[in-house]
């Protein structure tokens, strides 16, 4: 290695800047591990509470409550958070509602990740006409007002959990596809890709062996943010009466029915709202944190 | 001596189509407009076809809805024929398209009113809502982001970070209800629901619009604050022109506002433009909560009554807004960014 | 030694002989440390700069000392990571607040370390100006170049808008930008690399600086343009009587234009001397290795360049003693003690226990080298 640098070096200026940038960001995220573990723990707590809570606490059924027990305040005997106007236990509805929110969010994101991710990766890898075609179709889906589409699909298929999942998958797919495609486009320029190609690696092997592991982190990170988004939109659908059908509970329809008596019994809105906020916040924080890590900041 | 005194050099393209286009339009900005408009056409076609297809999947039609459950199949068939619902989907789409390109969006199946009349009533409401939401979000986001970026890791930066993280995790319908609970139910400062047209007085109108536009605007504010703060910090720390400005002796606020913000504003414009499409979808639920007679409310009603002509019109409007917003962003870019204005890059 | 080398650049003196230069302070003043009339303009003593990067402490500058006489051109030479750029940014007060700076930097008798930002700002772009490496990135892409110059002019003068405009055009003419009036209204991307660097120099001159720091100012330019810009800098330096610190990794460039050379390695000066003295008798093995890596016309075809093995040192874990020790062919156990930078010969300082060809230490080394 020669002592005099072989090419003009841009090192020093940017190097300092980089150091500063890192220092600045580190200052903001002191204890990078906590930033991952706190939201992850919160998510674990929500998941355990929603799926095991009703059994562990032997809560009453979320539906078919006794109308005589309606509108009981919080901490009343047998009803920790009280009851709603139909006499259903609010805590039970909250936890059971959370189950559907989490299932839907998970299913939608997995569908989006697998289908959208594959489409996007293929599109970016193959390029040419196929790429243009796929991207134009996705452009249409993106220009299409997503809520309208989901409303229409939900209406067409009738409100149910499966149908909500299909409706929401419609617009998670193009989003994942875009992320995957841009990641693949960046990867395609990398030397190791050229090397693998020169070594005669077949296309399917390139996709699964070289591309997939490299774009997976980005897709999963995006999926974390997507969980939050889907939980919110599922809530919106249920809020409009097009998601989880009454009387089955969901955070969205709990907010919607609570809204009818907002001034009299505000807690009916507050509990599902807090559940929504905490869950979405945890997913967003985790997603942001992972993204910050992957992008090397 | 002005900027326009220098004639921009348009790079000669090898592609004959492009060069013909260049000859016709002359300037790079015009060329960009034409290109974008041409790209918008297939998107709009795709969106409308998709809507038609999705709507055709919905069981039941307006005839059944209008006549109710007791109607005989013969009655339904008759009304279907009258409404033209017995035609195959392709025929109906082409007829609709023919009308749409001449500006005729058809008549509402349910109310028989021309859809354009309905839109004329509803668009201003949604338009005002969106405009106010953008205004609120940007007027707040720009100063907050500047304060935060001036001292990364400082107290303002931390506060804005916490607030925006929370704000981005709140569903807008939840936020709307919280706002109503606080400002209408508890404090009684503002009306909880309802719409007051502008003719009944500007203040009365604004009073009714503040909460709904805040419910839409607040998450936007959070998003823009984060985006702008991040971009400003990147500019300040990674761009050499910032060092040059500092080396000139420019003060830290001036560097931030005159130099970094100027460059960051391009990114902000893009984000704002891209948001518009998503945002207008978000108005559906807010209009529903606040009982605002806008496009979103119209759309929900139309879906429930299977008034597909109106649904189609609403979708066209929403998609058009998204497409036009993208176009406007590109144009603003072209006008503001000298690198594009002069045809290089 | 220096006689063997072919210098690719025309000597800076040509401009003087052409009579382009104003007489004031035009002649080459005596080199630094010669004790010429008056105080040195810049005195750097024991400068240290430390960054914390990823929890590790990075010692970018480790006790750098030099002095610069007014109206002279000095070159600071070193590889990337040698601290040459960081030390000059410390001089400008341009380091991030996270950098720990200690030691002393005196400009015109005034201590700059710890100077309040307000005073530092007046100095920046005023008495001390800087030209950066990459003119494509150093100019604000969204501002007309005229506006970028007038901004600097107005910050350091009482001129009104019109006066500042006139002054800016004057500056553009001073740096020989063709069609200055027209260029005033253009954006950076419309200019070539060389023209952009001329604009950068015009901005730097706006505050009539007494010290101009050119940080790799010609590195990003092609060779012809590089020579033109260097000519311009030398001309302006002599015409305006400013001092110039030229930061470069290019020893040849330094030899052609600077009157004094400081060679940096691992954040400290390892050899410094007036240019003539230095190239006549290179003492520090590192400088010697730098010279050996420059292609020369009289070199035998296809002969191998002298190559110094190893990497520049890791600034967060410097070796014990002399930082060049792991790469140095003359290293002995003595080198586990850091050699001080001492004036071993008149005006010639080096920090080495085994200087090349200095008689002391190793006698065989000189013959081995060439």
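Volume per residue of the convex hull around the Cα atoms, evaluated for segment C:63-138, comes out as 130 Å³.
Fully extending the segment from residue B:78 to residue B:262 would add 59.9 nm, taking 0.36 nm per residue of separation and subtracting the current Cα-Cα distance.
A simple packing score, the average count of other Cβ atoms within 10 Å per residue, orders the peptides B:318-330, A:257-269, C:133-145 as C:133-145, B:318-330, A:257-269, with the highest score first. Using a cutoff of 8 angstrom between alpha carbon atoms and counting only pairs six or more residues apart, the relative contact order for segment A:79-296 works out to 26 percent. Across peptide B:159-172, the mean count of Cβ atoms from other chains lying within 10 Å of each residue's own Cβ comes to 4. Averaged over the residues of B:182-194, the number of partner chain Cβ atoms lying within 10 Å of the residue Cβ comes to 1. The mean count of C-beta atoms from other chains within 10 Å of the C-beta of residues in C:131-143, rounded to a whole number, is 6. With equal scatterers on the alpha carbons only and no solvent term, can you work out the Debye log10 of I(q)/I(0) for segment A:79-296 at 0.07, 0.10, 0.11, 0.12 1/Å? Listed by q, the Debye log ratios stand at -0.28, -0.52, -0.61, -0.70. Across every pair of non-identical alpha carbons in segment C:195-261, the mean reciprocal distance, once inverted, gives a Kirkwood radius of 12.1 Å. Note: relative contact order over segment B:214-332, using C-alpha pairs below 8 Å and six or more positions apart, is 26 percent.
In terms of overall dimensions, segment B:123-304 has a Cα radius of gyration and Dmax of 18.9, 64 angstrom.
Here the label points at residue C:224 and residue B:155, each 7 Å from Cα along the C-beta direction, are separated by 5.9 nm in the simple model. Label sites at residue C:329 and residue A:126, each approximated as a point 7 angstrom past Cα along Cα to Cβ, lie 6.0 nm apart. The length gained by stretching the chain between residue A:246 and residue A:115 to full extension, at 0.36 nm per residue less their Cα-Cα distance, is 44.1 nm. Approximating the spin labels as points 7 Å out from Cα along Cα→Cβ, the residue A:208-to-residue C:39 distance works out to 7.6 nm.
Using the reciprocal of the averaged 1/r over all distinct C-alpha pairs, how large is the Kirkwood radius of segment A:258-297 in Å? Before the final figure, lay out each step's value.
Details: mean 1/r = 0.0837 Å⁻¹.
Evaluated over segment A:258-297, this radius sits at 12.0 Å.
Averaging over all projection directions, the Cα-based convex hull of segment C:153-195 occupies 3.3 nm² in the image plane. Dividing the mean sequence gap of close Cα pairs (under 8 Å, 6+ apart) by how many residues segment C:77-233 holds gives a relative contact order of 29 percent. Ranked by how many other Cβ atoms sit within 10 Å of their own Cβ, fewest first, the residues C:102, B:254 fall in the order C:102, B:254. In terms of its alpha-carbon gyration tensor, segment C:124-215 comes out oblate; a/c meets the 1.5 threshold, while b/c is at least as large as a/b. Listed from fewest to most Cβ neighbours within 10 Å, the set B:139, C:43, C:61 follows the order B:139, C:43, C:61. Largest first, the three principal axis extents of the alpha carbons in segment B:93-135 are 39, 22, 14 Å in whole numbers. For residue C:162 and residue B:253, a Förster radius of 35 Å and the Cβ-Cβ distance give a FRET efficiency of 0.85, rounded to the nearest 0.05.
All of the numbers you see were taken from the coordinates with simple rules; none came from a lab. These numbers were taken from a predicted model, which means no experiment stands behind them. Cβ sites come from the backbone with ideal geometry, for glycine too, and all protein chains shown count toward neighbours.
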